[in-house]
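Since the structure comes first, as structure tokens, the remarks are kept for the end.
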Amino acid sequence: MKLPTEIFGDVMVIHTPEEISGDRAEELESFLVTQQSQNLVVDLDSTEALDSRTLETFLNAQETLRQKGGNLKVSTHNFVNKKILEITRLDQHLEVFDSVIDAVKSYV
């Protein structure tokens with residue numbers, strides 16, 4: 001899987017595709033945990049479809065990154081994505097920010 005990324009110091013921002021599910025979620029997890037940067041921000045603004053496997057992917061990647069001394073944070077101003085993270089209570093396990101800039105700044 002190849003996704004658009006941006007680097008801000010030691011933080012990598014990963015912009016996710018419109019839909020992530022099934023096999024794509026597995027590919028995403030592999031992509032997240034194999035990046036050189038261990039401090040990641042997943043930008044969900046363009047993503048319109050999240051399934052349970054994708055949400056599990058975020059938790060698995062976060063755990064792996066934390067074991068390596070890093071972390072995974074989420075950025076989205078998409079109301080539906082925020083609601084999904086809230087209803088599933090993932091917002092209690094993942095730091096969720098309204099903007100990429102706020103998420104990147106939280107690493108400092």
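The values are calculated or read from the model by the stated rules, or taken from the named source; none is laboratory data. Model, not experiment: these values are computed from the prediction. For neighbour counting, all protein chains shown are included, and Cβ atoms are generated from backbone atoms with ideal geometry for every residue, glycine included.
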Selected residue (criterion: farthest from ASP45 (Cα to Cα)) from residues of the range 79-108 that are in contact with an Asp or Glu (Cβ under 7 Å, 6 or more places away or on another chain) and buried (at least 16 other Cβ atoms within 10 Å of the Cβ): LEU85
Test for ASN71: is it closer than 21 Å to GLN92 by Cα, of a type outside the set (Asp, Glu), surrounded by fewer than 19 Cβ atoms within 10 Å (Cβ to Cβ) and at pLDDT 95 or above: yes
Tell me which of these ASP45 doesn't satisfy, since it passes every other one: (1) surrounded by 14 or more Cβ atoms within 10 Å (Cβ to Cβ); (2) among the acidic types (Asp, Glu); (3) touching a strand residue (DSSP E or B) at 6+ places or on another chain (Cβ under 6 Å). (3)
Given the conditions (1) over 18 Å from PRO4 (Cβ atoms); (2) among the charged types (D, E, K, R); (3) touching a residue at least 12 places away in the same chain (Cβ under 8 Å), every one holds for ASP43 apart from (1)
Write out, first by first residue and then by second, each pair whose Cβ atoms fall under 6 Å of each other, whose residues are 6+ apart or on separate chains, and whose first residue, in the range 1-21, is under 15 Å from SER37 (Cα atoms) while the second is polar (S, T, N, Q). ASP10/ASN39; VAL11/ASN39; MET12/THR5; MET12/GLN35; MET12/SER37; ILE14/THR5
If you go through the range 63-80 one residue at a time, do you hit one that is out of contact with any helix residue (DSSP H, G or I) (no Cβ under 6 Å at 6 or more places or on another chain), farther than 19 Å from TYR107 by Cα, of a type in the set (Gly, Ala, Ser) and touching a residue at least 12 places away in the same chain (Cβ under 8 Å)? no
